[in-house]
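Any read-out appearing in this document is the output of simple, stated calculations on the displayed coordinates, not a laboratory observation. Given the structure is predicted, the values throughout are model-derived calculations rather than measurements. A quick note on method: Cβ atoms are made from the backbone with ideal geometry, for glycine too, and the neighbour counts reach across all protein chains shown.
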Amino acid sequence: MTYLLRTLFVQTEGTRLVLEGDAVKALRDDAATQRLPLTAIDAIIVLAGVDVSTPLLARCGEDGRTVALLSRFGKPRAIVEGAMSGRGALRAAQYRRQSDTQQRDQMACTVVSGKVRQMAWGLRQWARDAQPAEAQILRHHADQLDAAQDQLVGSTRESALGVEGACSRRYFQGLALALHHQEFAGRIRRPPTDDANAVLSLLYSLTRIAVHGALHAAGLDPFCGFLHGDRDGQPSLVLDVMEEFRPTSDHLAVSLLNRRQLRDEHFTHEVSGAVQLTDEGIHIIFDAWHRHRETSIAIAGLEEQVTHAVLPIIQANTLANALRADKPYRPHRLAVQ
């Protein structure tokens, strides 16, 4: 059981979390019992193999405390949240925009544009630390992503998906150049088959949880999105909004691997080809994730710097206000590119 800031992470198989008065208690046969007051926790994240009691889930739901259940690969399996109220008018506006083909197309293009802009920023950041030849390639990729923005003007959702796919492939070519000690052939999931993809999967899951919680708090329906499809059980709005946050997760992953904070001993390679993080590797990522979320950044249009942890909340409310006022949504943009 690991307590970092106000989030409780539990990753050791065989652990059982139970409610004891106003505290959560962690039980495991081979370890001493641990206890933490619920007032000290805003969220609980557990990996497969950890059991959470029904009374604890109910209490967290009543208190508005998120409980996220992840797979061993870091994919969200379930998110338990409290009851909702007072969201009817906002959600009606959200559903109207999603059901209007032209407005949905515009929103889809906006989502892709925000992601592409952030990817171009990421490539230029990596170019600063690269050798001259590699830096030139990274900046070329970034320039090509900037040029791709023109294809989104007046585009349809389907065309926007095509632009996003092409830009992502180019971007991941740049990410492969930025990695110093790892082979990376592109994004591979379900399951990841190399160390870098294993790290990305977990960081994307943590990003997804942060965005989901922010959208829920803002009163939006996480399952009614614009770019992503409308499959049952898919939180398409979460996937939409988290697109603009993926490149910062990529930067954290590259930093952890390049600095050798994550090494061979932090991964296990299965006979099937799947790669998993060890408990120690997961702990390193959790710790780095929270330090990352405490870091302040300058955002265009905001007078004061904000932390990475606050930014999804700001963007969720920006989206909610745009829907209420029937205005375009603006993805965040770093003040210094």
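Could you give the size of the charge dipole of the range 24-144 about its Cα centre, using +1 on the Cβ of each K and R and -1 on the Cβ of each D and E, expressed in debye and rounded to the nearest 20? Write out the running numbers ahead of the final one.
Details: 18 positive and 12 negative charges, 57 e Å.
In total the dipole reaches around 280 debye.
Quote the relative contact order of the range 190-337 in percent (integer), defining contacts as alpha-carbon pairs under 8 Å separated by 6+ residues.
Details: 172 pairs, mean separation 35.6, N = 148.
Answer for the range 190-337 is 24 percent.
For Q261, project a label point 7 Å along Cα to C-beta. Then give me every residue of the range 286-323 with its amide nitrogen under 12 Å of that point.
286-295
For I299, enumerate residues with amide H under 5 Å from its amide H, sequence gap 5+ or separate chain, H modeled in the peptide plane.
Under 5 Å from the amide H of I299 lie the amide H atoms of V306, A335, each far enough along the sequence or on another chain.
Compute the signed sum of charges (Lys and Arg +1, Asp and Glu -1) over the other residues within less than 14 Å, Cβ to Cβ, of K327.
Details: positive: R96, R97, R324, R330; negative: D326.
Every neighbour counted, the sum reads +3.
Within the range 243-276, which residues have the backbone N less than 20 Å from the label spot 7 Å out from R190 along Cα→beta-carbon, could you tell me?
243, 246, 270, 272-276
Non-local amide H neighbours of F267 (under 5 Å, H modeled in plane, Pro and chain starts lacking H): which ones?
T278
Only four residue types carry charge here, +1 at the Cβ of Lys and Arg and -1 at the Cβ of Asp and Glu. Report the dipole size of the range 88-325 about the Cα centre in Debye, rounded to the nearest 20.
420
Over the chain, what relative contact order in percent results from Cα pairs under 8 Å that are six or more residues apart? Show your work: numbers first, answer last.
On the way: 556 pairs, mean separation 53.4, N = 337.
Reported relative contact order: 16 percent.
Using the Cα centre of the chain as origin and beta-carbon charges of +1 (Lys, Arg) and -1 (Asp, Glu), tell me which of L138, G213, Y95 is placed farthest towards the positive end of the dipole.
Y95
So what J values fall out for the range 253-266 if you push phi through Karplus, 6.51 cos²θ - 1.76 cosθ + 1.60 with θ = phi - 60°, rounded to Hz, Gly and Pro as x?
4, 4, 4, 4, 6, 5, 7, 6, 5, 10, 10, 3, 5, 8
Quick one: 3J(HN,Hα) in Hz for the range 221-230, Karplus 6.51/-1.76/1.60 with θ = phi - 60°, rounded, Gly and Pro as x.
Per-residue couplings from phi come out as 8, x, 9, 10, x, 10, 7, 6, x, 10 Hz.
For the chain, give me the percentage of DSSP beta bridges that are antiparallel, rounded to the nearest 5 percent.
Values: 23 of 34 bridges.
Antiparallel bridges: around 70 percent, rounded to the nearest 5.
Along the range 160-170, what does the Karplus equation 6.51 cos²θ - 1.76 cosθ + 1.60 (θ = phi - 60°) give for ³J(HN,Hα), rounded to whole Hz, x for Gly and Pro?
Couplings: 4, 4, x, 5, 4, x, 5, 5, 5, 4, 5 Hz.
Which one, N197, P37, M107, projects farthest toward the positive side of the charge dipole computed for the chain from Cβ point charges (K/R +1, D/E -1)?
Toward the positive end, the furthest listed residue is M107.
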